[in-house]
1. Collect the residues in the range 199-215 that are surrounded by 10 or more Cβ atoms within 10 Å (Cβ to Cβ) and modelled with pLDDT of 70 or more, keeping them in residue-number order.
2. Failed condition for residue 81, given (1) within 17 Å of residue 7 (Cβ to Cβ); (2) in a strand (DSSP E or B); (3) among the aliphatic types (A, V, I, L, M), with all others met?
3. Determine if the range 83-98 includes at least one residue that is more than 16 Å from the chain's Cα centre (by Cα), open to solvent by 70 Å² or more (accessible area, probe 1.4 Å) and either at pLDDT 90 or above or of a type in the set (A, V, I, L, M) (or both).
4. I want to confirm something. Restricting to the range 174-202 and keeping residues that are aliphatic (A, V, I, L, M) and touching a residue at least 12 places away in the same chain (Cβ under 8 Å), which single residue is farthest from residue 83 (Cα to Cα)?
5. Test residue 80 against the stated conditions and say whether it is within 23 Å of residue 145 (Cα to Cα) and open to solvent by 40 Å² or more (accessible area, probe 1.4 Å).
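The values are calculated or read from the model by the stated rules, or taken from the named source; none is laboratory data. Computed from a prediction, not measured in an experiment: that's the story for all the values here. Quick reminder, even Gly has a Cβ in these numbers, built from the backbone with ideal geometry, and neighbours come from all protein chains shown. The accessibility values were calculated without ligands, DNA or RNA, using every heavy atom of the protein model including side chains. Shrake-Rupley method; radii C 1.70, N 1.55, O 1.52, S 1.80 Å.
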Amino acid sequence: GAATREAILRLLSDTLSDTKRIQRDDRVLIFFAGHGLTRKLASGRELGYIVPVDAARDNFSQAISMTHFQDISEGIGAKHVFFIMDACYSGLALTRAGGSLAANRQKFLMEVTRRTARQVLTAGGADQQVADTGPGGHSIFTWTLMQGLSGRADLDDDGYITATELAAHVGPSVSALSRQTPVFGSLAGSQGGEFVFRLKEKQRYLSADTQQNAPPAI
């Protein structure tokens, strides 16, 4: 109920651009779950929008254009920013995501955390209905995302999950369970960096205390 248009823009444009709050070596993760709209422009290009709680679902003037997010990301002083959007739309000006697995993993992680990262992972594309029927009251996208961050997205089992690894886990899993295709990439201004999650040691390995997933999750 607090996710109004004014509150969202104030947080993104004012709070996150405050250099006293957010500094260069910070990481910023922005997660939005809600409705999305796609508008076809006269040029033929499609533009995506997110819909705040106080906006009508079919009113573009009350929604927030995804072009805002390019400006917002440039105004955030943190080296690493990751937008995760559980909504259906397209129109993001994304470039191909970098950050493939490397033979010397430690050297790779040092390099990609040194560089600036502006990465985006979305739940689906234009005209794709986001499935809300995942376990635990979550959407399938958010549930799969949480499973990935619990350790399943650590594809090389090194204790770290890059945004690219997370997308590689989430994309096929969500597509297999729903009729939506997650999209991953980088915003303009990204310099080949990666948003990196560090797993707790106990999350990495099975033990006697490891709990089996609930039947709906299985």
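1. If the condition is that a residue be surrounded by 10 or more Cβ atoms within 10 Å (Cβ to Cβ) and modelled with pLDDT of 70 or more, then 199 is the only one that fits.
2. With respect to (1) within 17 Å of residue 7 (Cβ to Cβ); (2) in a strand (DSSP E or B); (3) among the aliphatic types (A, V, I, L, M), residue 81 is out only on (1).
3. Looking only at the range 83-98, we keep the residues that are more than 16 Å from the chain's Cα centre (by Cα), and these are none.
Checked against the condition, which is being more than 16 Å from the chain's Cα centre (by Cα), open to solvent by 70 Å² or more (accessible area, probe 1.4 Å) and either at pLDDT 90 or above or of a type in the set (A, V, I, L, M) (or both), the range 83-98 yields no hits at all.
4. Here is the first cut: in the range 174-202, the ones aliphatic (A, V, I, L, M) are 174, 176-177, 183, 187-188, 196, 199.
When the remaining residues are screened for being touching a residue at least 12 places away in the same chain (Cβ under 8 Å), the result is 174, 177, 183, 187-188, 196, 199.
On the way: 174: 18, 177: 23, 183: 12, 187: 10, 188: 13, 196: 13, 199: 20 Å.
The extreme case among them is 177.
5. So residue 80 does not fit the description; no.
Residues checked against (1) hydroxyl-bearing (Ser, Thr, Tyr); (2) open to solvent by 50 Å² or more (accessible area, probe 1.4 Å):
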site	(1), (2)
136	no, yes
144	yes, no
151	no, no
155	no, yes
161	no, no
173	yes, no
177	no, yes
182	no, no
190	yes, no
